[in-house]
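**Q** Next up is a structure, given as structure tokens.
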Amino acid sequence: MAKSKKEIISIQSVSKIYNLGETVVKALDNVSLSIYDNDYISIMGPSGSGKSTLMNIIGCLDVPTKGKYKFKDELISEMDDNQLANIRNEKIGFVFQTFNLLPKLNAMQNVEVPLIYSSLGRKERIERAEEALHIVGLQDRMTHKPNELSGGQRQRVAIARALVNKPSIILADEPTGNLDSKSGNEILKFFAKLHKDGNTIIMVTHEESVAKLSKRRIDIFDGKIARDE
Amino acid sequence: MNRIINYLVDAIGGVLFYFGQTKLRTALTLMGITVGVSSIIAIMTVLETFEQSTESLVADMKTNIFYITKDNPVQVQFGNDAGWGKRKIPRITWDEYEQLKRNLTLVTNMAATTTEEPSDRTISVGKEELKSRLASFWGSDGDVLSVSKYDILDGRNIQDVDIENASRVAIVGYYIKEQLFPYSNPVGQNIEIDNIPFEIIALTEPKGELLGQNMDSMIGIPISTYLKYYGGKGWRGRPDLQLILEAESMDTLEDATDEAIGVFRAIRKIPPGEPNNFYIATNDQLMDTFGSFTSSIKIFVGLVAGISLIVAGIGIANIMLVSLTERIKEIGIRKALGARRVDIFLQFLIEAILISILGGIVGIILGLSFGNVVATFLEQNPVIPYEWVFYSLQICASMGIIFGLYPAIKASKLNPIDSMRYD
Ligand SMILES: Nc1ncnc2c1ncn2[C@@H]1O[C@H](COP(=O)(O)OP(=O)(O)OP(=O)(O)O)[C@@H](O)[C@H]1O
Ligand SMILES: [Mg+2]
């Protein structure tokens, strides 16, 4: 269906193998996958099937043991630590299940963190962080520390942080896993809006109802793609 | 450039936050640096004030003067001089003084002084006794007042006739007046030293304390009187005299000292090849000795400070490692958001440097305060040893770098996925 769209991610025969002495864990087993511009994908699968492993590789937090990973025209699977850090900083917005905000920084400062690593000046940083917090509707919570925010608000700060560098792709590993259903739904509505605005989103979820909101669904089983439609 | 400023702002914020979170631990860590730096600064401040005052002293000192003494006149050396060892060192006696006086040709002036510091003699006026120990009791046939820089407030100095006649006349310091003559002028009145009455002929101006000694708790009398009344039986052989000799000029100083050494060795019948069993020193040499004294103190302080700084440094490394384990998750998050190795490395290193410099600044402030309190106490002018302030900051910064390096490298190498999972 999406063949007419531009391919931004190409994963070819990627495996991630953990060698734990006696046992060898194939967290990802020869996975191939293409992701297109403005995709909205949910990844489902049982616990331990390799969803997070795949997300981490797509998000350049990890490198595959085998196989090729191309992001636009860059060969991620051959990059070193620093190059990966730059890609994460500029091209990828990550939203985690546990929010992963820095507890000592307020909402504003948390959103600024990625900008610090892209060498932006203070003024521009503040402008863009404000803008991002505006998008997630937290303009009146900018100076609040994470422990002064609700779970849903924290996740929205995390989304603002993921958006702030205008990434090519937004990755969310069980973004609603730690939220009650009301806050979870707000977040999902939010992703739908981001998708409508042209963003590319990949989301891991355990819930059918959540997966239904996306446009494309990938099921993973035992490190392999079992279904992609 | 922007990045560096960001790091700095971030690091300062981080350090301040961290201090707030772990006040006690940070304070303890900082204490090591603070003690190290403040001891350097305090000692250097005191030494500097000393150097300043001895420099002005040297400017006043006659350069054509030399001394013969039993003990090293600058009693500040650690351990024994080579060869001085276990040999018995005879006191300088009145006989030797007189023989010297007869035989020296290049010396224009000579004086002998004997000093009890402190003195256990009973000082009384009528039934009133001086309660504290007398700090200094001396007898001399020279002008001790001008050598020791006392000014006469009222009365007259000891004169030749006093020495010739062994008169019972005494010069008293201001403390004696305060204690024993609170409501009257002591000059012209009597004072008893070990129950022997003396007429007070002079009162000196208050001088305060020097090196913890009350300079005004002082009584001086003619040396002849001293020997006659306090020298004991056979006093000619007993007291320990310090001799001050004056050459005609700087040019003849060396010859005069050579002559004095030769004559004194002859008087003491020291066989050729044996070392002197007395000290002979010119003012220049005293200054040199003082200089080597201060430099040996500096070396000593350097060692002590060095050790405490190394201990402090290990403390810094430790606090940074603790900070590292506490912040593994933070590091993971930062890396996930695009921090490169160098970013994390610099964040940690700058933090370590800031911590140690902060400890250093506290140490400098404490050291300057303490050193200058001591300096004022010793009646010296306050100073700031800028050089050492600068060195201290440098040392602190290097310590931050050296001891922050390992934690910083360790932090920079953390893997983002595992670190984010860490709790
Ligand atoms: N660092 C690691 N070392 C060894 N094995 C690992 C490591 N990380 C993941 N694995 C293994 O890889 C497999 C896939 O893990 P992954 O976290 O991708 O699962 P998941 O699908 O995200 O599960 P969940 O739904 O529970 O989050 C698991 O069997 C896991 O034990
Ligand atoms: Mg997972």
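The values are calculated or read from the model by the stated rules, or taken from the named source; none is laboratory data. Note that the structure is predicted; figures quoted are calculated from it, not measured. In this analysis, Cβ positions are derived from the backbone assuming ideal geometry, glycine residues included, and neighbour counts consider all displayed protein chains. Only protein heavy atoms, including side chains, enter the accessible area calculation; ligands, DNA and RNA are left aside. Shrake-Rupley method; radii C 1.70, N 1.55, O 1.52, S 1.80 Å.
**Q** Averaged across B:338-345, how many Cβ atoms of other chains sit within 10 Å of each residue's Cβ atom? Write down the numbers at each step before the final one.
**A** Details: counts 18, 7, 9, 4, 2, 5, 1, 0.
Partner-chain Cβ atoms within 10 Å, mean over residues of B:338-345: 6.
**Q** Suppose each label sits 7 Å from its Cα in the direction of the beta carbon; what would the B:Ser132-B:Lys149 distance come out to in nanometres?
**A** 2.1
**Q** When the expected Rg is taken as 2.2 N^0.38 Å, what fraction or multiple of it is the alpha-carbon Rg of the stretch A:80-229? Please list the in-between numbers first.
**A** On the way: Rg = 15.5 Å, N = 150, 2.2 N^0.38 = 14.8 Å.
Here the Cα radius of gyration is 1.05 times the empirical estimate.
**Q** To the nearest 100 Å², how much accessible surface do chains B and A hide from each other in total, with a 1.4 Å probe?
**A** Working: alone 22010 and 11500 Å², together 31210 Å².
Result for this pair: about 2300 Å² buried.
**Q** Could you give the longest part of chain B that holds none of the chymotrypsin sites (Phe, Trp or Tyr not before Pro) found in DSSP loops with at most 12 neighbouring Cβ atoms within 10 Å? Before the final figure, lay out each step's value.
**A** Numbers: sites that count: B:Phe78, B:Tyr183.
It works out to B:184-423.
**Q** Taking every residue in A:109-117, how many Cβ atoms of other protein chains lie within 10 Å of its Cβ, on average? Could you put the intermediate results ahead of the total?
**A** Working: counts 2, 2, 0, 2, 7, 5, 3, 12, 9.
Counting other chains' Cβ atoms within 10 Å and averaging over A:109-117 gives 5.
**Q** Would you calculate a helix-derived [θ] at 222 nm for the protein assembly as shown, using -39,500 (n - 2.57) for each DSSP H run of n ≥ 4 and dividing by the full residue count, to the nearest 500? Intermediate results must be reported in sequence, preceding the final value.
**A** On the way: 20 runs with 311 residues, N = 652.
Calculated mean residue ellipticity at 222 nm is -15500 deg cm²/dmol.
**Q** Something else now. Which percent of the accessible area of chain A is formed by carbon and sulfur heavy atoms (probe 1.4 angstrom)?
**A** 46
**Q** How big is the charge dipole of the protein assembly as shown about its Cα centre, in debye rounded to the nearest 20, if each Lys and Arg gets +1 on its Cβ and each Asp and Glu gets -1 on its Cβ?
**A** Numbers: 70 positive and 78 negative charges, 895 e Å.
I would put it at about 4300 debye.
**Q** Just which residues of the stretch A:70-98 lose 10 Å² or more accessible area with every protein chain there, against their chain alone, with the probe set to 1.4 Å?
**A** A:Asp81, A:Asn82, A:Ala85, A:Asn86, A:Arg88, A:Asn89, A:Phe94, A:Phe96
**Q** Could you sort B:Asp423, B:Asp120 by accessible area so the largest value comes first, with the probe set to 1.4 Å?
**A** On the way: B:Asp423 160, B:Asp120 115 Å².
Listed by decreasing accessible area, they come as B:Asp423, B:Asp120.
**Q** At each listed q (0.06, 0.09, 0.10, 0.12 Å⁻¹), what is the log10 of I(q)/I(0) that the Debye formula gives for the protein assembly as shown modelled as equal alpha-carbon point scatterers?
**A** Scattering profile of the protein assembly as shown, log10 relative to I(0): -0.58, -0.82, -0.94, -1.21.
**Q** Taking every pair of alpha-carbon atoms in chain B, give the share separated by more than 32 Å as a whole percent. Please list the in-between numbers first.
**A** Numbers: 49831 of 89253 pairs.
Percentage above 32 Å: 56.
**Q** Here's a follow-up. Enumerate the amide H contacts of A:Val95 below 5 Å, restricted to partners 5 or more residues apart or on another chain; note that Pro and chain-start residues carry no placed amide H.
**A** Amide H neighbours of A:Val95: A:Leu171, A:Ala172, A:Asp173.
**Q** Here's another thing I want to ask about it. For the stretch B:240-333, report the translational diffusion coefficient in µm²/s to the nearest whole number, using Stokes-Einstein at 25 °C, 0.890 mPa s, and a Kirkwood Rh over Cα pairs. Don't skip to the end; give the middle numbers.
**A** On the way: Rh = 19.0 Å.
This corresponds to a translational diffusion coefficient of 129 µm²/s.
**Q** Once the dipole of the stretch A:67-148 is set up with Lys and Arg at +1 and Asp and Glu at -1 on Cβ about the Cα centre, which of A:Pro103, A:Tyr117, A:Asn82 lies farthest towards its positive end?
**A** Projecting each Cα onto the dipole axis, the largest value belongs to A:Pro103.
**Q** Packing-wise, with mean Cβ within 10 Å as the measure, how do A:110-120, A:57-67, A:126-136 rank, highest first?
**A** Numbers: A:110-120: 23.4, A:57-67: 20.8, A:126-136: 19.1.
Going by the mean number of other Cβ atoms within 10 Å, highest first, we get A:110-120, A:57-67, A:126-136.
**Q** Between the alpha-carbon centers of the stretch B:290-361 and the stretch A:96-154, tell me the distance in whole angstrom.
**A** 31
**Q** Next up: Pairs of alpha-carbon atoms within less than 8 angstrom and 6+ residues apart define the contacts here; what relative contact order does chain A have, in percent? Write out the running numbers ahead of the final one.
**A** Details: 441 pairs, mean separation 64.6, N = 229.
Relative contact order, chain A: 28 percent.
**Q** For chain B, what % of the accessible area comes from carbon and sulfur atoms, probe 1.4 Å? Don't jump to the answer; show the numbers that get you there.
**A** Working: 12130 of 20850 Å².
The nonpolar share, carbon plus sulfur, comes to 58 percent.
**Q** Enter the Cα centre distance for the pair the stretch A:5-21 and the stretch B:251-281, rounded to the nearest angstrom.
**A** Spelled out, the Cα-based centre of one part sits 95 Å from the other.
**Q** Quick query: amide H of A:Tyr40 versus all other amide H atoms, modeled in the peptide plane; which residues come in under 5 Å with a sequence gap of 5 or more or a different chain?
**A** The answer is A:Ile201, A:Lys215, A:Arg216.
**Q** Right, here's the next one. Would you work out the relative contact order for chain B, in percent, from Cα pairs under 8 angstrom that are 6 or more residues apart?
**A** Details: 677 pairs, mean separation 127.2, N = 423.
Relative contact order of chain B: 30 percent.
**Q** Continuing with this model, one more query. So how far apart, in nm, are the two label points at A:Lys5 and B:Gln213 if each is 7 Å from Cα heading toward Cβ?
**A** Placing both labels 7 Å along Cα→Cβ, they lie 9.5 nm apart.
**Q** Then there is this: Which residues' amide hydrogens lie under 5 Å from the amide hydrogen of B:Glu248, considering only partners 5 or more residues apart or on another chain, with H built in the peptide plane?
**A** For B:Glu248, the qualifying residues are B:Thr108.
**Q** Sticking with this one: So how exposed is B:Val383, as accessible area in Å² (1.4 Å probe, rounded to 10)?
**A** Surface accessible to solvent at B:Val383 totals approximately 20 Å².
**Q** List, in order, the whole-Hz ³J(HN,Hα) value for each residue of the stretch A:171-182 obtained from phi through the Karplus relation with A = 6.51, B = -1.76, C = 1.60 and θ = phi - 60°; use x for Gly and Pro.
**A** Result, rounded to whole Hz: 10, 9, 9, 6, x, 9, x, 9, 10, 5, 5, 5.
**Q** Can you work out the accessible area per residue across chain A, with the rest of the protein chains kept in place, probe 1.4 Å, in square angstrom?
**A** On the way: 10360 Å² over 229 residues.
That works out to 45 Å² for each residue.
**Q** From the phi angles alone, apply the Karplus equation (6.51, -1.76, 1.60; θ = phi - 60°) to the stretch B:404-420 and give each ³J(HN,Hα) in whole Hz, x where the residue is Gly or Pro.
**A** Working through the residues one at a time gives x, 4, 4, x, 5, 5, 4, 4, 5, 8, 4, 8, x, 5, 4, 5, 5 Hz.
**Q** Report the charge-dipole magnitude of the stretch B:322-423 in Debye, nearest 20, computed about the Cα centre from +1 at each Lys and Arg Cβ and -1 at each Asp and Glu Cβ. Walk me through the numbers on the way to the answer.
**A** Details: 9 positive and 8 negative charges, 133 e Å.
I would put it at about 640 debye.
**Q** With respect to the cross-link table entries A:Lys104/B:Lys23; A:Lys5/A:Lys193; A:Lys166/B:Lys335; A:Lys70/A:Lys193; A:Lys68/A:Lys215; A:Lys189/B:Lys335, which display a Cα-Cα separation exceeding 21 Å?
**A** Numbers: A:Lys104/B:Lys23 16 Å; A:Lys5/A:Lys193 19 Å; A:Lys166/B:Lys335 18 Å; A:Lys70/A:Lys193 27 Å; A:Lys68/A:Lys215 25 Å; A:Lys189/B:Lys335 29 Å.
In this structure, A:Lys70/A:Lys193; A:Lys68/A:Lys215; A:Lys189/B:Lys335 exceed 21 Å between Cα atoms.
**Q** Translational diffusion coefficient, Stokes-Einstein: compute it for the stretch B:90-277 using the Kirkwood radius over C-alpha pairs as Rh, at 20 °C and 1.002 mPa s, and state it as an integer in µm² s⁻¹. Don't jump to the answer; show the numbers that get you there.
**A** Values: Rh = 17.7 Å.
Diffusion coefficient, whole number: 121 µm²/s.
**Q** From the backbone phi of the stretch A:125-134, what are the Karplus-calculated ³J(HN,Hα) couplings (6.51 cos²θ - 1.76 cosθ + 1.60, θ = phi - 60°) in whole Hz, Gly and Pro given as x?
**A** Per residue, the Karplus-derived 3J(HN,Hα) values read 4, 4, 4, 6, 5, 4, 4, 5, 5, 4 Hz.
**Q** How high is the relative contact order of the stretch B:90-277, given as a whole-number percent (alpha carbon pairs under 8 Å, six or more residues apart)?
**A** Numbers: 343 pairs, mean separation 61.6, N = 188.
About 33 percent, as a whole number.
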